[in-house]
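Q: This is the structure, below, for whatever I ask next.
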Protein chains: 2
Amino acid sequence: MIQRIGEFLLRRLEEVGVRHIFGVPGDYNLELLQQLEDRRGPEWVGNCNELNAAYAADGYARMNGLGALIVTDGVGSLSAMNGIAGSYCEHVPVICVCGSIPQEAVDCGWLMHHTMADGSQDRFYRAFAEVTVAQAKLTPENAVVEIDRLILTAWREKLPVYMELPSDVGYVEVDVPETSLTLSYPPSDEESLARCCEKIVARLQHAASPALLLDIDTERFGVATRVAALAERLQLPVATMPGSKGMFCEQSPLFAGVYCGACSGAEVRELVESSDCLLTIGYRRVDSTSGTFTDDIPGNAIHLNGQSVCMEDDNFEDVYLGELLSLLVRETDAKSKRDCRVVESSDAETWDLSRRPLSQREYWQAMQRFILPGDLLVAENGTSGAGVAGLRLPCRSTLITQGVWGSIGYSLGCLLGTLMAAPERRQILWIGDGSFQLTAQELSTILRYELKPYIFLINNGGYTIERTILGRTAKYNDIANWRYTEMAKSLSRTQEIETFVVHSSLELDAVLSSAHRGMVFVEVVMDPMDAPVGLIRGMQAVANLDYGPSGPQSALGAQITEAEVR
Amino acid sequence: MIQRIGEFLLRRLEEVGVRHIFGVPGDYNLELLQQLEDRRGPEWVGNCNELNAAYAADGYARMNGLGALIVTDGVGSLSAMNGIAGSYCEHVPVICVCGSIPQEAVDCGWLMHHTMADGSQDRFYRAFAEVTVAQAKLTPENAVVEIDRLILTAWREKLPVYMELPSDVGYVEVDVPETSLTLSYPPSDEESLARCCEKIVARLQHAASPALLLDIDTERFGVATRVAALAERLQLPVATMPGSKGMFCEQSPLFAGVYCGACSGAEVRELVESSDCLLTIGYRRVDSTSGTFTDDIPGNAIHLNGQSVCMEDDNFEDVYLGELLSLLVRETDAKSKRDCRVVESSDAETWDLSRRPLSQREYWQAMQRFILPGDLLVAENGTSGAGVAGLRLPCRSTLITQGVWGSIGYSLGCLLGTLMAAPERRQILWIGDGSFQLTAQELSTILRYELKPYIFLINNGGYTIERTILGRTAKYNDIANWRYTEMAKSLSRTQEIETFVVHSSLELDAVLSSAHRGMVFVEVVMDPMDAPVGLIRGMQAVANLDYGPSGPQSALGAQITEAEVR
């Protein structure tokens, strides 16, 4: 059948489940947006800027399996680059469509606005090749093949892709297939799969202390349910890594806690490090997931990755994670139930309401009581991310963090995406003032689409996470003190937003225990030198690694210390 | 002498006149910020995010000759990339210092946060090589040489540079020169310079209609005064290109108007296109500077560039612009004064105040009366940029636009930079609501530093410039309707900001004719379908080029038309 290239692209995105596209208009993508508007789908979600759009597409993809954004050449695409690189680092399949300069201008060598205008070509294309797994410049000849290749690659690899659609190509008609695009993997090599499974089963059968350790690919490759089934069947204790917290139910008796080297509890550390058959899912050893390399994974651990398996004495490059897990469940005998929970029980002390200035400790105690089964939780890097690390998450809840990429401001854009993808769920964002200021305007898009999350913003006068690393009282860690609740209210003339400023546990409790109708925006005032203890401990090691032996971190008063936490 | 590498870098920046550094803290740059704070200079200006920091450094560099920003690896640097690419496109020397992951981690192959964490290296370095003219990774061995090379290259080429300072290298001590770094060019080749000058003088002597045409390098290479001296000496009429408006005094009798092909007035078009000896300064033929390639520069024009001269029958690759202009002034005979002004006189009709909804036409008439000699004017792309194009600028005023790169939102960040560089001047920003929303939070930094510009924000419900191209009434060109004045006020708890909302010429006049003390922020409500006529005419050609013959731009109602302008 004959179809315009832009329409075919939009059709393909719809076929693979992309129901919303994020982005910002620009003259090189208006023709594609016109096609989007004319065909009434996917729904266009106009963002305030492209970085926020990339964050939203990332959050959307995490909940939806795929996300997409449309930007304009150069001024748009480069603004989105940090978000796209974050998707790469965090294994999130996002399709970045860049409306690029007209092909006629390329062919004629004309200098165009939104380019370097120096006669060079493909500069931004090459820059994007550094932060995406696959790229294409669409032409009438290659569009059908390349669109399908890029969508499939993003989905299979769980990584972002980049495509350029020249603005004079979107309306060109080409012959396209009538059949839908289906997302699937090629089957694993049968023999490899069988042999790999057999080896793992044999190891498990002879193991005295088998265990599972999950990293982010558990969720990204959609195998959390199968992992849970395997754990249940074999009664394996399950530890999660920081970025994958919540990918195994924390209320399960099999849940063993979060493992991150020296930053872990003693029991989970012992469990992981002394396991004689540790199965990891997508294990990646990064400073921020390993307690700054203080982890000690057994050398004979079996590493299950999205598309390969790695053992001490063997590896399989043609085995897909989902298939392997299904086979493992089938090929193993169910063990009788046991309670292997080793995680410390969460803080059950009396909830003592007071008018005293609120401490981080009280704040997170209150949040532990506030969160409910099924909640979708988004936590920004900083004291928010550190506080969430100490929570015991309820059943069927989802936690989103960006623990390896760690781009502050990400969480607010991400929240727009998760709200669009799962508007039926209660969603909660924890963010700090410093992070909020990077992307604050995107709150207006959340309001514009009548979405109603809870947003808890810590106002503690700056980058407290940095104060735990260096510059405890330095001016460079200070920020402007906005009237946050008024700022939030100013972003819509029509939508209801309930705002609160709280200074004590009593005030916080009053907000948490009331019923609300609109978006709830709570400014939580806390001390700049207060932080979750885990953060302070972890950041000392970060500073030592970052600045080396000649660095300034050991000077008196250079960092927030554990002693001053309230 | 012995000095720490970070301190040497900061010392060098100070030596070349960088008195303020923009940016955002991150754990890979805190040690450098600590050195900045300890040595009390240059002054640190903390931004809300890195894109805004890059825009501010660009604005600062335009006024100061050099600008600098400090960002952290990946999450920071990539966010700044659009701004840095804009500096490249617009020939602005900005030094981007990226605090990168510790060298120890690189050497050991450790996976670090803020990287792709996949074992790859130098991805962001290579991406930055696409948007900067020179790059370096600083080490104890190369730091002294590379820091000087990059600063000099940025200044000489008028282009941005990128340097990575690993976080564990900043405190390493090295042997550094005691002498200051001096910004200078190597001298032109003497013989080339003499021969080039001679040829130009001969051409000028035999010319019947010599003229000057200025592009942005006139200002970037610091030769505006010398160009004016040459024009004055030879009584040459001077036309400016859109991006260089104001680089020659528009009150001078020699000023001939702005030339941009078919978008120019008939007189200036005739003057440029029929000149038998057109001297251009930094001429660059881009769609947005040439009336979408409707210009017609004489084939025998002499093109003077920053570091070369190009003639029909010759070229000189070793002649520097400043030297050449000085020599031309010396080697030519002064002509007697004449009035060759061909620019149309500005609108002098009666200023008719009314309570009717304000039109773009009335708005710009009011601005024509409001601007004063010496003003520093910043105009955002869109109807603001188009409106400013129709103003006759007063003496000693400066106009900043970003006409080729054209990244919306740029102007607000830029304003922070120009205010820091020239706080003694009255500064005025014209911006639209769509553009404002991209970078709005940076207003808080302007307030935080107690700076007091005039900001005029057009609230016309979206991207009107796009409506003139495509999607006249399309939803994708709509944006959220903020309470702009309340938003502005919410960004500071201490600074005074005078806000106004105006709907008519009467209300606008009341604001313009009153005295003010603090920052003045005026929301100007206008019709979404109203725009300067010049914009509408120009954008039809843009749409035809962008979308080609099969595009949607010719459908009825696809674009705002001239007929509906008020």
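Q: Determine, from the Cβ-Cβ distance of residue A:142 and residue A:312 and an R0 of 45 Å, the FRET efficiency 1/(1 + (r/R0)^6), rounded to the nearest 0.05.
A: Efficiency, rounded to the nearest 0.05: 0.55.
Q: Cα convex hull of the stretch B:413-566: mean projected area in nm², to one decimal?
A: In nm², the orientation-averaged hull projection of the stretch B:413-566 is 10.3.
Q: What net charge is computed for the residues neighbouring residue A:328, neighbours being all others with C-beta under 14 Å from the C-beta of residue A:328, Lys and Arg scored +1, Asp and Glu -1?
A: Spelling it out: positives minus negatives among the neighbours equals +2.
Q: Of B:391, B:550, B:534, which is farthest towards the positive pole of the stretch B:347-564's charge dipole, taken about the Cα centre with +1 and -1 on the beta-carbons of Lys, Arg and Asp, Glu respectively?
A: Positive-most Cα among the choices belongs to B:391.
Q: Let me make sure I get this right: for the stretch A:1-134, a, b and c are the square roots of the gyration tensor eigenvalues over alpha carbons, sorted descending. Under 1.5 in a/c it's rounded, otherwise prolate if a/b > b/c, else oblate. Which is it?
A: Because a/c hits 1.5 or more and a/b fails to exceed b/c, the stretch A:1-134 counts as oblate.
Q: Placing unit charges on C-beta atoms (Lys and Arg positive, Asp and Glu negative, everything else neutral), compute the dipole magnitude of the stretch A:1-126 about its Cα centre in debye, rounded to 20.
A: I would put it at about 360 debye.
Q: Moving on to the next point. About its Cα centre, how strong a charge dipole does chain B have in debye, to the nearest 20, once Lys and Arg get +1 and Asp and Glu get -1 at the Cβ?
A: Approximately 1560 debye in magnitude.
Q: Counting Lys and Arg as +1 and Asp and Glu as -1, each charge on the Cβ, what is the dipole of the stretch A:347-564 about the Cα centre in debye, to the nearest 20?
A: 340 debye
Q: Efficiency by 1/(1 + (r/R0)^6): what FRET value for residue A:503 and residue A:107, r their Cβ-Cβ distance, R0 = 45 Å, to the nearest 0.05?
A: Step by step, r from the Cβ atoms, then E = 0.10.
Q: Using 1/(1 + (r/R0)^6) with R0 = 56 angstrom and r between the beta carbons of residue A:180 and residue A:262, what's the FRET efficiency to the nearest 0.05?
A: With R0 = 56 Å, the Cβ-Cβ based efficiency is 0.65.
Q: Taking the number of other C-beta atoms within 10 Å as the exposure measure, put A:482, B:364 in order starting with the fewest.
A: Fewest-to-most Cβ neighbours within 10 Å comes out as B:364, A:482.
Q: While we're on this one: Using a simple spin-label model with points 7 Å from Cα along the Cα→Cβ vector, what separation in nm is obtained for residue A:481 and residue A:514?
A: So the label points at residue A:481 and residue A:514 sit 2.4 nm apart.
Q: Still on this model: Over the stretch A:2-175, what is the percentage of antiparallel beta bridges among all DSSP beta bridges, to the nearest 5?
A: In the stretch A:2-175, DSSP labels about 10 percent of beta bridges as antiparallel.
Q: While we're looking at this one, here's another question. How would you classify chain B from its alpha-carbon gyration tensor, with a ≥ b ≥ c the square roots of the eigenvalues: rounded for a/c under 1.5, else prolate if a/b is greater than b/c, otherwise oblate?
A: Oblate shape, in that a/c is at least 1.5 and b/c is the bigger or equal ratio.
Q: Next up: I want the local charge near residue B:77. Using Cβ-Cβ distances under 14 Å, sum +1 for each Lys or Arg and -1 for each Asp or Glu among the other residues.
A: Once all neighbours under 14 Å are counted, the net charge is -4.
Q: Tally Lys and Arg at +1 and Asp and Glu at -1 over the other residues with C-beta under 12 Å from the C-beta of residue A:506: what net charge comes out?
A: Taking every other residue near residue A:506 into account, the sum is -2.
Q: Per-residue mean of other chain beta-carbon atoms within 10 angstrom of the beta-carbon, peptide A:68-79?
A: For peptide A:68-79, the averaged partner shielding equals 5.
Q: Would you tell me which residue of chain B has the beta carbon closest to the rotation axis bringing chain B onto chain A, and how many whole Å away it is?
A: Per the B/A rotation axis, the closest residue of B reads B:127, 2.
Q: Could you list A:425, A:226 in order of exposure, starting from the residue whose Cβ has the fewest other Cβ atoms within 10 Å?
A: Fewest-to-most Cβ neighbours within 10 Å comes out as A:425, A:226.
Q: Count, for each residue of B:544-557, the Cβ atoms from other chains sitting within 10 Å of its Cβ, then give me the mean as a whole number.
A: Mean shielding count: 6.
Q: By its C-alpha gyration tensor, with a ≥ b ≥ c as the square roots of the eigenvalues, how is the protein assembly as shown shaped: rounded for a/c under 1.5, else prolate for a/b larger than b/c, else oblate?
A: prolate
Q: Moving to a separate point now. If you plug each phi of the stretch A:297-307 into the Karplus form 6.51 cos²θ - 1.76 cosθ + 1.60 with θ = phi - 60°, what whole-Hz ³J(HN,Hα) values come out, in order, with x for Gly and Pro?
A: Rounded to whole hertz, the list is 7, x, x, 9, 4, 9, 9, 9, 10, x, 9.
Q: Where does each of A:529, A:420 land when they are ranked from fewest to most other beta-carbon atoms within 10 angstrom?
A: Listing A:529, A:420 from fewest to most nearby Cβ atoms yields A:529, A:420.
Q: Here is a further query. Quick one: length gained pulling residue B:351 to residue B:40 fully straight, 0.36 nm per residue minus the C-alpha distance?
A: 106.9 nm is the gain from fully extending residue B:351 to residue B:40.
Q: Take every DSSP beta bridge whose two residues both sit in the protein assembly as shown, then give the antiparallel share in percent to the nearest 5.
A: 15 percent
Q: Give the residue from B:194, B:53, B:251 lying farthest towards the positive end of the charge dipole for chain B; charges sit on Cβ (+1 for Lys and Arg, -1 for Asp and Glu) and the dipole is referred to the Cα centre.
A: So the residue we want is B:251.
Q: If you take every DSSP beta bridge fully contained in the stretch A:190-331, what fraction is antiparallel? Give it as a percent rounded to 5.
A: Here the share of antiparallel DSSP bridges comes out near 30 percent.
Q: Charges on Cβ only, +1 for Lys and Arg, -1 for Asp and Glu, centred on the Cα centroid of chain A; of A:404, A:145, A:88, which one is farthest towards the dipole's positive end?
A: Selected residue: A:404.
Q: Over all residues in A:482-492, what is the mean tally of Cβ atoms on other chains that come within 10 Å of each residue's Cβ?
A: Across A:482-492, the average partner-chain Cβ count within 10 Å equals 6.
No lab work stands behind these numbers, since they all come straight from the coordinates. Since the structure is predicted, the reported quantities are computational estimates derived from the model, not experimental observations. Virtual Cβ from ideal backbone geometry, glycine too; neighbours counted across all protein chains shown.
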